Amino acid sequence: MSPRRRVEPGSPELFRLPDPRPRRWGLPVVAALAAVAVAAALTVSALLLIKRETQRHDAVRDVAVLSSVRGFVTQYTSIDPFHANAYADNVLAQGTGQFAKLYQEKMNEVVIQVAQAEPTTGTVQDLGIERWNSDGSADVVVAATTKTTMPDGKTIESGSRWVVTAIQEGGAGGQWKISNLLQVI
C-alpha cells in the first residue's frame, strides 16, 4: 500500500485547507435571548417584591393604628368612678400634642366629673382609617357604644362617633398616641 494517490485533473486540491464552515448563529442568539429573559424576570421579581413589602408594611401600620385607637376609645368610654385619678392618668398617658395639653389643663374637672358619674362600659363597634395625613398621622373614624348601669338597676345604652387623630411617636416602631379627639354629632 502506497501512500500515494493519483490526482485526477479537475479534482479538488489535496493540499489546501478545507473551506470554512458558515458561522452558526443559533447558540449565541439563544444565549443572548436567555440572558435578556433572565434579566427581565429578575427585574419584574424585584419590583413585585418591593410592591409586596410596601403593601405588607402599610397593612401592619394600619393594624397597629387601629388597634391602638380601639384600645384608647374603649378605655376613654369606660368610666370607673372608683378609680377616677387612674382613669385620667391613663388617658393623659396615651395623649400627645394639643390633645394632651388641653386634657392636662382640664384634668381636675375631668377627675371630678368621672368621680360623680355612674360606672360605664364602652365598646368599639367599628372603626376605620379615614385618611393618612402628610405628617404620618392617621384620622380614624370610630363608632362606639356605652352601657351605663344606674343605681336602680336600669341600663342605659347610647352610641357615639369619634374622629381620632393618632400619630406614632419615636418614628417607626414607636407607640401610637392620640393627638386629637373629636366627637362627631
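Please work out which option in (1) -0.54, -0.67, -1.04, -1.12; (2) -0.37, -0.55, -1.06, -1.15; (3) -0.49, -0.68, -1.12, -1.18 gives log10 I(q)/I(0) by the Debye sum over Cα atoms at q = 0.09, 0.11, 0.16, 0.17 Å⁻¹ calculated from these coordinates, and answer with its label. Matching entry in (1) -0.54, -0.67, -1.04, -1.12; (2) -0.37, -0.55, -1.06, -1.15; (3) -0.49, -0.68, -1.12, -1.18: (1). Taking GluC sites (Glu not before Pro) as exposed when DSSP calls them loop and at most 14 other C-beta atoms lie within 10 angstrom, the chain has its longest site-free stretch at 14-168. In order along segment 125-131, the phi-based Karplus estimate (6.51 cos²θ - 1.76 cosθ + 1.60, θ = phi - 60°) of 3J(HN,Hα) comes to 7, 7, 7, x, 7, 6, 6 Hz; Gly and Pro are listed as x.
The calculated FRET efficiency for the pair D152 and I112, based on their C-beta separation and a Förster distance of 30 Å, comes to about 0.80.
Measure off, as a whole percent, the carbon and sulfur share of the 1.4 Å-probe accessible area of segment 76-132, all protein chains present. About 49 percent, which is the carbon plus sulfur part of the accessible surface. Note on exposure: V111, V184, V44 ranked by accessible area (1.4 Å probe, complete protein assembly) read V44, V184, V111, with the most exposed listed first. Phi angles of segment 162-168 translate, via the Karplus equation with coefficients 6.51, -1.76, 1.60 and θ = phi - 60°, into HN-Hα couplings of 9, 10, 10, 9, 10, 10, 8 Hz per residue; Gly and Pro are given as x.
Give the calculated FRET efficiency between N90 and K51 to the nearest 0.05, with a Förster radius of 45 Å applied to their Cβ-Cβ distance. The calculated FRET efficiency here is 0.70. Take the Cβ atoms of Q183 and V30, set R0 to 45 Å, and the FRET efficiency comes out at 0.05.
The values are calculated or read from the model by the stated rules, or taken from the named source; none is laboratory data. Nothing here was measured: the structure is a model prediction, and the numbers come from that model. Backbone-built Cβ (ideal geometry, glycine too); neighbour counts: all protein chains shown. These accessible areas exclude ligands, DNA and RNA; they are computed on the full protein's heavy atoms, side chains included. Shrake-Rupley method; radii C 1.70, N 1.55, O 1.52, S 1.80 Å.
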